[in-house]
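Derivation of every value follows stated rules applied to the coordinates shown; laboratory data play no part. On a predicted model such as this, the values are computed, not experimentally measured, just so you know. So basically every Cβ, Gly included, is an ideal-geometry build from the backbone, and we count neighbours across all protein chains shown.
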Amino acid sequence: MAKESEIFTVPARRGRAARLDKGQAIKVINTHGQQVVDFWAFRADDLGEFLSMEHLRATLEGIFPHAGCDLVTNQRRPILHFAEDTSPGIHDTLMAACDDYRYGLLGCTSYHDNCTDNLYAAMAELDLTPPECPSPLNLWMNIPVGPDGRTSWGEPVSKAGDYVVLRAVCDCVVAMSACPQDILPINGALRTPTEAHFQILT
Ligand SMILES: [Zn+2]
C-alpha cells in the first residue's frame, strides 16, 4: 500500500505546485466533486520539457487519457504514468487554460482570477518560472464533442472524493489550479469554484 503524505489544499480559485521525485505519485482529489483542476507537469531538470496535450493526443490517438496510459511531454517522452482514476474518466485535453483575456471575452470588465496566472504564482512559490503556460490537462472538465466537431461546456460528471493518481516517471514539478471559472458551467451548475486537495504518495 502506498504511503500517503499529509493532505494539501488547492484553495478555490488558486493554484499550488509541488515537486515529485521519480517514483513518487500525486493523488489529486476532487473533494467536492464538481471542480475542474487544471494540471501541468514540467521536468525538474528542464522546465522547457513539459506535459503537452497536443503530443499526448497524438500518442493516445484520442482525446481522453485514461488509467494505464503514460502522459507525454513535448519531446514525446513519458513524464507521468496515469495510475488510477475513480471518476468516469471524463477529462479535457482540448481547451487552453483560462486567462484574463478569456474573461474579458466573457464580459468581465475587471481582473478575473485565472488558471494561467495561478500557474505562474504557484511555480513562483517554488522559485521557478515556467517558460510558458502549456495547455493543461483539465482534470474532470467535461467538453462534449459532437459528431460535427462542435464542442460545448459541460458540467463535470465526477463525484465528491473522486481522485486520480499520477506517478512520476522522472523528477518533475507539477502544478494545479482550482479553475476560477464562474461564468460557464464547467465547475458545475452552481458556477461556484471550490477547493481541491492533493497528496504525495511514495
Ligand atoms: Zn481555469
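Each of Tyr120, Tyr103 was scored by other Cβ atoms within 10 Å of its Cβ. Arranged with the fewest first, they read Tyr120, Tyr103. Summing Lys and Arg as +1 and Asp and Glu as -1 over all other residues whose Cβ lies under 15 Å from the Cβ of Arg76 gives a net charge of -2. In a DSSP loop and with at most 16 other Cβ atoms within 10 Å, the trypsin sites (Lys or Arg not before Pro) in the range 119-183 are Arg150, Lys159.
Qualifying GluC sites (Glu not before Pro) in the range 50-119, where qualification requires a DSSP coil assignment and no more than 12 other C-beta atoms within 10 Å, comprise Glu61. Taking a sphere under 10 Å around the Cβ of Cys98 and counting the other residues whose Cβ falls inside, with K and R at +1 and D and E at -1, yields a net charge of -4.
For the range 1-59, the Kirkwood hydrodynamic radius from C-alpha pairs, put into Stokes-Einstein at 25 °C and a viscosity of 0.890 mPa s, yields a diffusion coefficient of 176 µm² per second. Residues Trp40, Trp153, Trp140 in ascending order of nearby Cβ atoms (within 10 Å, fewest first): Trp153, Trp40, Trp140.
Taking a Cβ cut-off of under 14 Å around Gln181, the surrounding Lys, Arg, Asp and Glu residues balance to a net charge of -4, with basic ones at +1 and acidic ones at -1.
Place the peptides 187-197, 171-181 in order of packing, highest mean first, counting for every residue the other Cβ atoms within 10 Å and averaging per peptide.
Top to bottom by mean Cβ count within 10 Å: 171-181, 187-197.
Put simply, when 160-166, 86-92, 113-119 are sorted by average Cβ atoms within 10 angstrom per residue, most first, you get 113-119, 160-166, 86-92. Note on the chain: GNM, Cα springs under 10 Å; of Thr31, Thr59, Thr109, the largest mean-square fluctuation is that of Thr109. Residues whose amide H comes within less than 5 Å of that of Arg14, counting only those at least five positions distant or on another chain, are Ala178 (H built at 1.01 Å from N in the peptide plane).
Helix 115-124 and the long axis of the chain differ in direction by around 30°, with both axes built from C-alpha atoms. Across the range 91-103, rounded Karplus estimates of 3J(HN,Hα) from the backbone phi angles (6.51 cos²θ - 1.76 cosθ + 1.60, θ = phi - 60°) give 10, 10, 10, 9, 9, 5, 4, 5, 8, 5, 4, 4, 5 Hz, Gly and Pro being marked x.
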